[in-house]
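Please read the structure below before turning to the comments.
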Amino acid sequence: MTLSPTLTFNDGNTIPQLGYGVWQVEDDVAEKVVRQAFEAGFRHIDTAKIYGNEAGVGRAIASSGLSPEQLFITTKLWNSDQGYESTLAAFEDSMARLGLETLDLYLIHWMQPKQDKYVDTWKALIELQKRGRVKSIGVSNFSAEGLQRLIDETGVVPAIHQIELHPYFSQRELREFGASKGILTQAWSPLGQGGELLEDPVVASVAAKHGATPAQVVIAWHLAIGNVVIPKSVTESRIRENYAALDVSLDAEDVEAINGLDRSAKGEGRIGPDPAVSDFA
C-alpha cells in the first residue's frame, strides 16, 4: 500500500498530505466510512464540531486497531464557541467525543471578522498547545489580513490554513502569502464538489493520459502544488479510488494545464462564503 507523503509544519510536526474529510457525513455513517478510509490506507481524518460526527469518528478510531501514533486527527472550533475560555471548554467537549487525550491539529473554523474574537481564540489554542493537549494549531477560512493579525498580536504563526481550494478557485495569492509565512495550505472542497470540474475537458484529457479518473487527477494536482488535501466520499469504491490518487504522478505540463482552469481573475470559481466578510453562527 502506498503511504501518503508528509509535509512538515513550522512547529516541526508533520501531517499526511492526503487525508479524508467527513463534512456533511452523519454521525452513524461517519463511523462506517472512517473505518473504510482506514482500510483504504488513510491515516489522516479531518472533522469539526459543527459536522456533528466527532463521536462517530471517535468510535471508528477506537475500533480501528490503530494506535494514536499511527493516526493524524484534526477537529475545529465552531464560531459560537470563539473566545478564550469558551474555546478551552469547547476543546474538552470535542476531545470527549473523539475519545482522545491529545489532538494532532486544532483549527479555528472561521475568522468571523465582525465577531472579532479570533485573536483571543487563537491565544486559547496557543495555551492548549503549551499544555500539550494539541500538537499543532492552525486556522481555517481566514483572510491574509486575519492571518497577519494573529501573527502580529501573538507572535505565533499558524501551522496550516484550511481554505476552499480547487482548480476553478486555486487561491494562488493566499497560498503564496501563507508560504511566505511558513504556513501550509490545506484544501477543502478539493474536487469543487464534483460535477462540472470532474467533467472539464482539460481534466478529462489529463485523466486519459494517465489512465486515471478525473477525481484522481485533481487530487494529484493538489499534491503536486503542495497542498494538503482532504477529499470526501461516503462510497467505499470512491474512498479507495481517492486514496489511489497517490499513484498518479502529473508532469509539469499537466499541472500547468490544470492551473489554467482558475476562474479567480473573472471573479468566479468560489463555492462557499468569503471568509473576509462572512459571519454566521
Counting only residues that are of a type in the set (A, V, I, L, M) and surrounded by fewer than 21 Cβ atoms within 10 Å (Cβ to Cβ), which one in region 175-203 is nearest to L7 (Cα to Cα)?
-> A179
Members of region 236-273 that are open to solvent by less than 70 Å² (accessible area, probe 1.4 Å), in a loop (DSSP other than H, G, I, E, B) and on the phi < 0 side of the Ramachandran plot | V248, L250, D251, G260, L261, D262, R263, G272, P273
In the set A212, A204, which member is free of Cβ contacts under 8 Å to residues at least 24 places away in the same chain and out of contact with any Leu (no Cβ under 6 Å at 6 or more places or on another chain)?
-> A204
Apart from one, (1) part of a helix (DSSP H, G or I); (2) of a type outside the set (V, I, T); (3) open to solvent by 70 Å² or more (accessible area, probe 1.4 Å) all hold for S94; the odd one out is (3)
If you go through region 86-111, how many residues are within 21 Å of V22 (Cβ to Cβ) and in contact (Cβ under 8 Å) with a residue 60 or more places away in the chain?
-> 4
Can you tell me which residue within region 7-28, out of those that are part of a strand (DSSP E or B) and buried (at least 16 other Cβ atoms within 10 Å of the Cβ), is farthest from the chain's Cα centre (by Cα)?
-> L7
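Restricting to region 40-62, and then to whatever is in contact with a Lys or Arg (Cβ under 7 Å, 6 or more places away or on another chain) and under 21 Å from P190 (Cβ atoms), can you tell me which residue is surrounded by the fewest Cβ atoms within 10 Å (Cβ to Cβ)?
As a first pass, look at region 40-62 and keep what is in contact with a Lys or Arg (Cβ under 7 Å, 6 or more places away or on another chain): 40, 48-49, 54-55, 58, 60.
Pick out the ones that are also under 21 Å from P190 (Cβ atoms) and you get 40, 48.
Details: A40: 18, A48: 21.
For region 40-62, the residue satisfying everything is A40.
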Of all residues in region 142-185, count the ones that are in contact with a Lys or Arg (Cβ under 7 Å, 6 or more places away or on another chain), outside any loop (DSSP other than H, G, I, E, B) and of a type in the set (S, T, Y).
-> 2
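Could you pull out the residue among V218, V139, V206 that is farther than 26 Å from A90 by Cβ, of a type in the set (V, I, T), within 17 Å of the chain's Cα centre (by Cα) and not in a loop (DSSP other than H, G, I, E, B)?
Numbers: V139 fails: farther than 26 Å from A90 by Cβ; V206 fails: within 17 Å of the chain's Cα centre (by Cα).
One residue alone meets the criteria, V218.
Tell me which residues, restricted to region 99-113, are of a type in the set (D, E, K, R) and either closer than 12 Å to G146 by Cβ or in a strand (DSSP E or B) (or both). Let's see the steps before the verdict.
We begin by selecting, within region 99-113, every residue of a type in the set (D, E, K, R); these are 101, 104.
Hit for region 99-113 is D104, nothing else.
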Give the residues of region 1-30 that are among the acidic types (D, E) and within 18 Å of K76 (Cα to Cα), sorted by residue number.
-> E26, D27
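The values are calculated or read from the model by the stated rules, or taken from the named source; none is laboratory data. All values reported here derive from a predicted model rather than from experimental measurement. Cβ sites come from the backbone with ideal geometry, for glycine too, and all protein chains shown count toward neighbours. Accessible surface areas use protein heavy atoms only, side chains included; no ligands, DNA or RNA. Shrake-Rupley method; radii C 1.70, N 1.55, O 1.52, S 1.80 Å.
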